[in-house]
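Derivation of every value follows stated rules applied to the coordinates shown; laboratory data play no part. Computed from a prediction, not measured in an experiment: that's the story for all the values here. Here Cβ is always computed from backbone atoms with ideal geometry, including for glycine, and neighbour counts include all displayed protein chains.
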Amino acid sequence: MLSFVKLGGSLITDKRIEASFRAEIMARLAQEIQTALVKNPELRLLIGHGSGSFGHFAANHYGTTQGVHSPEQWRGFAEVATVAAELNYLVAQELQKARVPVWRIQPSASARCQDGKLQSIDVFPIKTALEKGLTPLVYGDVALDDVRGGTIISTEMVFDYLARHLPVKQIVLFGEVEGVYDERGLVIPRITPKTLMNFQSALTGSAGVDVTGGMLTKVRDMLALVEVIPGLKIRIIDGTQPNLLLPILLGEVESGTLLIAD
């Protein structure tokens, strides 16, 4: 079974402090991932992570999401790519230490957008990695854009594109919250495209700097995906809780907020 796992930028970094990597949390998540792979040899994982306090600070400074045109903006574009890749390297290091067969795959090397919408990305390396028993690692990155010159692609955008080209059964989004909260502060157990309007007022932006839209954007984008991929289940889960990632990957528990088609 193929699962996509996103390690949120708010989980593996402190999004309020620039370039702050939470190595201990990442090390623990890496060990849980490795244990899941050992316990279920049929499990295939594609891991992605947000840019957190690395890419978001630089992207916000240069306004990269809105477009890249001037020489200064292009230098900023390159800087965002560099700091996003720095975090990716740190994440890969922890996965490698835990003996996860990780392969870093840079989205911006092949991604192409049209006015902020991801149009294409090379799937062949990722398919090959999965076929050979490797764990591809992608991340929120920059991308060339036919209209804007350049822009930002979130991990969810990358997942959205890849899910349409790979036989993924579940997507798990790990952050620093238990799930999606309602206006009373309680976790919403299930959201569908039809029930989203009941919760929109409670879905505020994420804490810290986030140029990709926060929780409401993530929920909307993921609900659009479950509508077009039959049987796909997406969960938003608390990644700060130890020993939760492992049973989720093994299908032993259900937790957080489930996003599913009506």
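Structure notes:
- The H on the amide N of ARG99, modeled in the peptide plane, is under 5 Å from the matching H of no residue at least 5 residues off or on a different chain.
- Kirkwood analysis of segment 112-169, using all unique Cα-Cα pairs, places the hydrodynamic radius at 12.1 Å.
- The chain: relative contact order in percent, alpha carbon pairs under 8 Å with at least 6 residues between: 23
- Added length on full extension, which subtracts the Cα-Cα distance from 0.36 nm per residue, VAL123 to ARG104: 5.5 nm
- Space enclosed by the convex hull of the alpha-carbon atoms of the chain, per residue, Å³: 113
- Under the Karplus curve 6.51 cos²θ - 1.76 cosθ + 1.60, θ = phi - 60°, whole-Hz ³J(HN,Hα) for segment 66-81, x wherever Gly or Pro sits: 6, x, 10, 9, 7, x, 5, 5, 5, 5, x, 4, 5, 5, 4, 4
- Scalar couplings 3J(HN,Hα) for segment 50-61, obtained by applying the Karplus form with A = 6.51, B = -1.76, C = 1.60 to θ = phi - 60°, are x, 8, x, 7, 8, x, 5, 5, 5, 5, 5, 4 Hz; x denotes Gly and Pro.
- Loop-located trypsin sites (Lys or Arg not before Pro) in segment 127-181 whose Cβ has at most 14 other Cβ within 10 Å (DSSP): LYS132, ARG164
- Compared with the alpha-carbon gap, the fully stretched path from THR217 to GLU86 is longer by 44.6 nm at 0.36 nm per residue.
- Per-peptide packing, taken as the mean over residues of other Cβ atoms within 10 Å, places 170-176, 237-243 in the sequence 170-176, 237-243 from highest down.
- Taking amide H atoms as placed 1.01 Å from N in the peptide plane, the amide H of LYS6 lies under 5 Å from those of GLY48, VAL172, LEU173, PHE174, each 5 or more residues away in sequence or on another chain.
- The mean sequence distance of close C-alpha pairs (under 8 Å, at least 6 residues apart), as a share of the length of segment 1-149, puts its relative contact order at 27 percent.
- Here's how it looks for ILE188: its modeled amide H is under 5 Å from those of VAL180, TYR181, ASP182, which are all 5 or more places away or on a different chain.
- Over segment 67-191, relative contact order from alpha-carbon pairs under 8 Å, at least 6 apart, %: 24
- Inter-label distance, LYS132 to VAL147: 3.8 nm, where each label sits 7 Å from its Cα along the C-beta direction.
- Bridgeable aspartates and glutamates around LYS127 (alpha carbons under 17 Å apart, same-chain partners fewer than 8 residues away excluded): GLU42, ASP160.
- Using the rule -39500 (n - 2.57) for each DSSP H run of four or more residues, divided by the residues of the chain, the 222 nm mean residue ellipticity is -11500 deg cm²/dmol.
- Ranking LEU37, GLN241, GLY140 by how far each Cα lies toward the positive end of the dipole of the chain (charges on Cβ) leaves LEU37 at the top.
- Rounded to the nearest Hz, the phi-derived 3J(HN,Hα) couplings of segment 119-136 under the Karplus curve 6.51 cos²θ - 1.76 cosθ + 1.60 (θ = phi - 60°) are 9, 7, 7, 6, 8, 4, x, 5, 4, 5, 4, 5, 5, 8, x, 8, 10, x, where x marks glycine and proline.
- Percent of Cα pairs exceeding the 20 Å cut-off, where the set is segment 130-240: 47
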